[in-house]
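**Q** Provided herewith is a single structure, encoded as structure tokens, for subsequent inquiry.
The values are calculated or read from the model by the stated rules, or taken from the named source; none is laboratory data. All figures in this text were calculated on a predicted structure; none of them were measured in a lab. Ideal geometry is used to build each Cβ from the backbone, glycine not excepted, and the neighbour counts take in all protein chains shown.
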């Protein structure tokens, strides 16, 4: 049984033991359809949530590596609708793109990186980094992830200790 941050991230990504076969099959089918019908460059073992937005205006400008998971509501853009700007956006292998994260056109997200939910990624993300915020900033570097961007045990234990330290610190009183 998993405990701590590793379990939280696995639960966030729907990869816990309770995850259904149907859900994984639909996400794999979604990635396959985007690869074949839309012409996106998407790795074979990539999972894309049904409600994720992968740019269809410039489909050949989106490149997503194998073993990456793109969560519900995330947007990966390869064009700017306010001006005639088409470019290439790259997401590496074994990455996790959280719910409602936005990857702007022309950005490269390095291999084994995690983009936390709600992040706005306007600049390149180095490999092995965890980013968060609007605009996204590197929160941790030197992380290692497995398939679908799941934080490997050593990193998960360190993250769990950091979360515990933050939770144990005195919280300000709100009146």
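**Q** How many of the residues in region 46-77 are free of Cβ contacts under 8 Å to residues at least 60 places away in the same chain and touching a helix residue (DSSP H, G or I) at 6+ places or on another chain (Cβ under 7 Å)?
**A** Here the count works out to 8.
**Q** Still on this structure, I have one more. Looking at region 55-69, which of its residues are farther than 18 Å from residue 123 by Cα, touching a strand residue (DSSP E or B) at 6+ places or on another chain (Cβ under 8 Å) and not in a loop (DSSP other than H, G, I, E, B)?
**A** 60, 69
**Q** Could you tell me whether region 132-150 includes any residue that is in a helix (DSSP H, G or I), buried (at least 16 other Cβ atoms within 10 Å of the Cβ), on the phi > 0 side of the Ramachandran plot and at pLDDT below 95?
**A** yes
**Q** Only one of 60, 93 is closer than 12 Å to residue 149 by Cβ and either surrounded by fewer than 21 Cβ atoms within 10 Å (Cβ to Cβ) or modelled with pLDDT under 80 (or both). Can you tell me which?
**A** Answer to the selection: 93.
**Q** Do you know which of the residues in region 99-112 that are over 15 Å from residue 78 (Cβ atoms) and in contact with a strand residue (DSSP E or B) (Cβ under 6 Å, 6 or more places away or on another chain) is surrounded by the fewest Cβ atoms within 10 Å (Cβ to Cβ)?
**A** Residue satisfying both the conditions and the ranking: 110.
**Q** A follow-up question, please. Among the residues of region 68-86, which ones are closer than 18 Å to residue 27 by Cβ and buried (at least 22 other Cβ atoms within 10 Å of the Cβ)?
**A** Here is the first cut: in region 68-86, the residues closer than 18 Å to residue 27 by Cβ are 68-76.
Result: 68, 69, 70, 71, 74, 76.
**Q** Oh, and also: Does residue 54 satisfy being more than 14 Å from residue 104 (Cα to Cα) and modelled with pLDDT under 95?
**A** When the stated conditions are applied, residue 54 does not pass them.
**Q** Return yes or no: is residue 98 on the phi > 0 side of the Ramachandran plot and touching a residue at least 12 places away in the same chain (Cβ under 8 Å)?
**A** Details: on the phi > 0 side of the Ramachandran plot: no; touching a residue at least 12 places away in the same chain (Cβ under 8 Å): yes.
Against the criterion (on the phi > 0 side of the Ramachandran plot and touching a residue at least 12 places away in the same chain (Cβ under 8 Å)), residue 98 does not qualify.
**Q** Is it true that some residue in region 21-41 is over 16 Å from residue 98 (Cα atoms), modelled with pLDDT of 90 or more and assigned to a strand (DSSP E or B)? If you could, list the steps in order and put the result at the bottom.
**A** First pass over region 21-41, keeping only residues over 16 Å from residue 98 (Cα atoms): 21-26, 28-41.
With the extra rule that they be modelled with pLDDT of 90 or more, the set shrinks to none.
Within region 21-41 (the criterion being over 16 Å from residue 98 (Cα atoms), modelled with pLDDT of 90 or more and assigned to a strand (DSSP E or B)), the answer is no, since none of the residues qualifies.
**Q** Give region 113-130 a look and list any residue that's under 16 Å from residue 147 (Cα atoms) and in a strand (DSSP E or B), or say none.
**A** Scanning region 113-130 gives 114, 115, 129, 130.
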